[in-house]
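All remarks here apply to the structure that follows.
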């Protein structure tokens with residue numbers, strides 16, 4: 001399995017994507033922390049503006065009889081859902097690079113939600129695909145997190161956790177260098193893009209640095 005960080009310095013600057021995501025935070029009245037996180041996430045997933053272009057795309061994908069019911073279950077629950085078929089779970093990571101323009105944002109959201117609670121082989125596969133996506137489709141990543149409904153700050157942190165986890169596997173002992181290489185590439189990929197893309201990527205970089213400090217620097 002070819003790993004993206006083995007050839008990170010050879011990756012070309014990519015800037016050819018569009019669209020983005022906004023965060024929605026609705027908190028219920030005080031309950032235990034873990035319940036708050038779960039209920040808030042479900043609200044973020046289910047209560048979205050279906051009149052926005054990306055909202056309409058989500059609504060159509062969900063109502064489409066051909067849409068995989070397993071994907072819809074993850075979307076509705078806003079977190080990883082185990083499945084007896086490993087290949088079915090891995091199809092979520094493959095869908096991240098779907099060429100279906102009518103459902104690519106839906107697949108992005110499903111993948112993002114599936115990282116919450118992911119572990120084992122799926123977590124590793126998700127980390128590899130997440131790293132590949134942010135490097136190859138940096139502007140699309142920024143666009144989705146800029147204006148796309150249902151995506152939250154927690155989702156962005158899960159992307160950061162997943163990618164740092166991939167770096168820990170692939171560049172053990174070189175994590176700091178690998179993360180610096182990643183940050184340089186992300187910034188280069190949106191250098192000529194819209195100003196708001198830079199804002200989103202800098203926020204994402206902040207999460208990456210935070211996870212690095214938590215998992216690597218302080219250990």
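Hey, any hits in the range 49-57 for a residue that's part of a loop (DSSP other than H, G, I, E, B), at pLDDT 95 or above, over 19 Å from the mean Cα position of the chain (by Cα) and surrounded by fewer than 14 Cβ atoms within 10 Å (Cβ to Cβ)? The answer is no, given that none of the residues of the range 49-57 is part of a loop (DSSP other than H, G, I, E, B), at pLDDT 95 or above, over 19 Å from the mean Cα position of the chain (by Cα) and surrounded by fewer than 14 Cβ atoms within 10 Å (Cβ to Cβ). On the stretch given as the range 176-211, residues that are farther than 18 Å from residue 151 by Cβ and either surrounded by fewer than 14 Cβ atoms within 10 Å (Cβ to Cβ) or modelled with pLDDT under 95 (or both) total 8.
Among the candidates 146, 180, which residue alone is free of Cβ contacts under 8 Å to residues at least 24 places away in the same chain, farther than 19 Å from residue 119 by Cα and part of a helix (DSSP H, G or I)?
180
Beta carbons closer than 8 Å, at least 6 apart along the sequence or on distinct chains, pair a first residue in the range 84-101 that is more than 17 Å from residue 140 (Cβ to Cβ) with a second that is assigned to a loop (DSSP other than H, G, I, E, B) for 89/82; 89/83; 91/68. Kindly list, by first and then second residue, each pair from a residue in the range 188-216 that is more than 15 Å from residue 167 (Cα to Cα) to a residue that is at pLDDT 95 or above and surrounded by fewer than 16 Cβ atoms within 10 Å (Cβ to Cβ), limited to pairs with Cβ atoms under 6 Å and residues at least 6 apart or on different chains. Close Cβ pairs (under 6 Å, with a partner that is at pLDDT 95 or above and surrounded by fewer than 16 Cβ atoms within 10 Å (Cβ to Cβ)) amount to 190/198. The set of residues from the range 149-175 being in a helix (DSSP H, G or I) and over 24 Å from residue 121 (Cα atoms) comprises just one member, 153.
The values are calculated or read from the model by the stated rules, or taken from the named source; none is laboratory data. Everything quoted here is computed from the prediction, not taken from an experiment. With ideal geometry, Cβ positions are generated from the backbone for all residues, glycine too; neighbour counts draw on all protein chains shown.
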